[in-house]
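Novice: My structure is below; once you've seen it, I'll send some questions.
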């Protein structure tokens, strides 16, 4: 062997020795299958940017945060979520920040959770607009999110561009169809409607009101008002003067409370009185009293009498966790179903690999308290009900007809006199 070739071989050998020495210094050994999979984390960490203050705070606290936190308690009581990759159950925790109901803040916090906190998975915010804001972010970083408080036709159109965002909530088209059928059944001939100037109100009203008009109901007034309005008395007086059969308001909880309060004050009592979000809250019933809200309708709906395994037991636990006056008869079940889907998806994927979890969510059916959830083009096709109504202190499903837990009351009783 020539001197030059020998020196070359010795040089290569020296490099190999140097690499091996470095690997030994850092404790490297040939990985077995378990080591290749990595050490099991102490916890599965879920990030949650959600409104703890601001206009969305009431809805977030009652609808999502309570069932999310109850789920964490329940999962950890059984040792956590079983992850086959690690051969054990792993406890869960939620890292939560206040997005204040602001889209920009929400985006920054979601990125913080992903890039700085390095959470394993994400839970959704509260409110339709915020899902539009985070959709590109969760898609960019590959974090599957199942949204329990988002209804939007535009998101459905965008779904192929945001494959990591899933929507579990029943949507305006389905709720519109049920409301049209209910209006026809009840004999509603005329309506007035108003929506807040936020994405939820604009899209929701834009689906329901034209559907009702197309179903033969005459629209006497169709107005909008600012998000977070403090006085809607002039609007309600104008609606009262129109003398409609039905009044529809597409709004968030504080506005639903305001509209009810001021409708009582001005004596506006149509035969059908409907607001979207907040009507199903137990706090709404507690504020006005069960007798006062008798017959009021709202978006939804869900009731512990729905024919799905575990529904009644869930409601018993939810009521005990939040208190009888702190539950949401619509959103609690949808929010809890969200984490049921996440838990089952992790267990079926057998890993915390987010791409694999996402693929399970997209392709399988999940047993939940709202029934068998299945996503088509990232939108859930299962719903326990579209319209709810307060009856004797219970929020009953009154539409669609085949899903009823009680017959609808029409006309709505008069507001009680003071």
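Novice: Take the Cβ-Cβ distance between residue 141 and residue 348 as r, set R0 to 22 Å, and report the resulting FRET efficiency rounded to the nearest 0.05. Don't skip to the end; give the middle numbers.
Specialist: Working: r = 22 Å, r/R0 = 1.01.
Using R0 = 22 Å, I get an efficiency of 0.50.
Novice: Let me ask something additional. Angle between the Cα long axis of helix 103-115 and the longest principal axis of the chain, 0 to 90 degrees, nearest 10?
Specialist: For 103-115 against the chain, the angle is about 30 degrees.
Novice: So for the stretch 134-274, Kirkwood radius off the Cα pairs, Stokes-Einstein at 20 °C and 1.002 mPa s: how many µm² s⁻¹?
Specialist: 131 µm²/s
Novice: Mind checking the alpha-carbon convex hull of the stretch 270-418 and giving the volume per residue in Å³?
Specialist: Cα convex hull per residue, to the nearest whole number: 115 Å³.
Novice: Something else: Over the stretch 224-287, how many percent of alpha carbon pairs lie in each 10 Å bin up to the one with the longest distance?
Specialist: In whole percents, the pair-distance histogram is 22, 59, 19, 0.
Novice: Could you tell me what percent of the DSSP beta bridges with both partners in the chain are antiparallel, to the nearest 5?
Specialist: Numbers: 18 of 50 bridges.
For the chain, the DSSP antiparallel bridge percentage is about 35.
Novice: Now for a separate question. If I take R0 = 25 Å and measure r between the Cβ atoms of residue 160 and residue 365 in this structure, what FRET efficiency does the formula 1/(1 + (r/R0)^6) give, to the nearest 0.05?
Specialist: 0.70
Novice: Helix-only mean residue ellipticity at 222 nm, the chain, DSSP H runs n ≥ 4 weighted -39,500 (n - 2.57), per residue, nearest 500. What is it? Provide the component values of the computation, followed by the final result.
Specialist: Numbers: 15 runs with 180 residues, N = 418.
Computed ellipticity for the chain at 222 nm equals -13500 deg cm²/dmol.
Novice: I've got another one for you. Which angle from 0 to 90°, rounded to the nearest 10, does the C-alpha axis of helix 253-266 make with the longest principal axis of the chain?
Specialist: 10 degrees
Novice: At q = 0.10, 0.12 Å⁻¹, what log₁₀ I(q)/I(0) does a Debye calculation on the Cα points of the chain give, no solvent, two decimals?
Specialist: So the normalised log intensities work out to -0.68, -0.93.
Novice: Where does the stretch 59-104 land on the Kirkwood hydrodynamic radius, alpha-carbon pairs, in angstrom? All intermediate terms of the calculation are to be shown ahead of the outcome.
Specialist: Working: mean 1/r = 0.0808 Å⁻¹.
Across the stretch 59-104, the inverse of the average 1/r is 12.4 Å.
Novice: Here's another thing I want to ask about it. What is the helix-to-structure angle for 354-363, meaning the angle in degrees between its Cα long axis and the longest Cα principal axis of the chain, kept from 0 to 90 and rounded to the nearest 10?
Specialist: Rounded to the nearest ten degrees, it is 40.
Novice: Here's a follow-up. Starting from the Kirkwood Rh over alpha-carbon pairs, what translational D in µm² s⁻¹ does the stretch 162-224 have by Stokes-Einstein at 20 °C and 1.002 mPa s?
Specialist: 170 µm²/s
Novice: Another one. Which residues among the stretch 83-112 fall inside the zone where the amide N is under 15 Å from a point 7 Å beyond the Cα of residue 118, along Cα→Cβ?
Specialist: 112
Novice: What is the mean projected area of the alpha carbon convex hull for the stretch 58-200, to one decimal in square nanometres?
Specialist: Result: 11.6 nm².
Novice: From the square roots a ≥ b ≥ c of the eigenvalues of the alpha-carbon gyration tensor of the stretch 292-358, which class results: rounded (a/c under 1.5), prolate (a/b over b/c), or oblate?
Specialist: prolate
No lab work stands behind these numbers, since they all come straight from the coordinates. These numbers were taken from a predicted model, which means no experiment stands behind them. Using ideal geometry, Cβ is built from the backbone for each residue, glycine included, and neighbour counts are taken over all protein chains shown.
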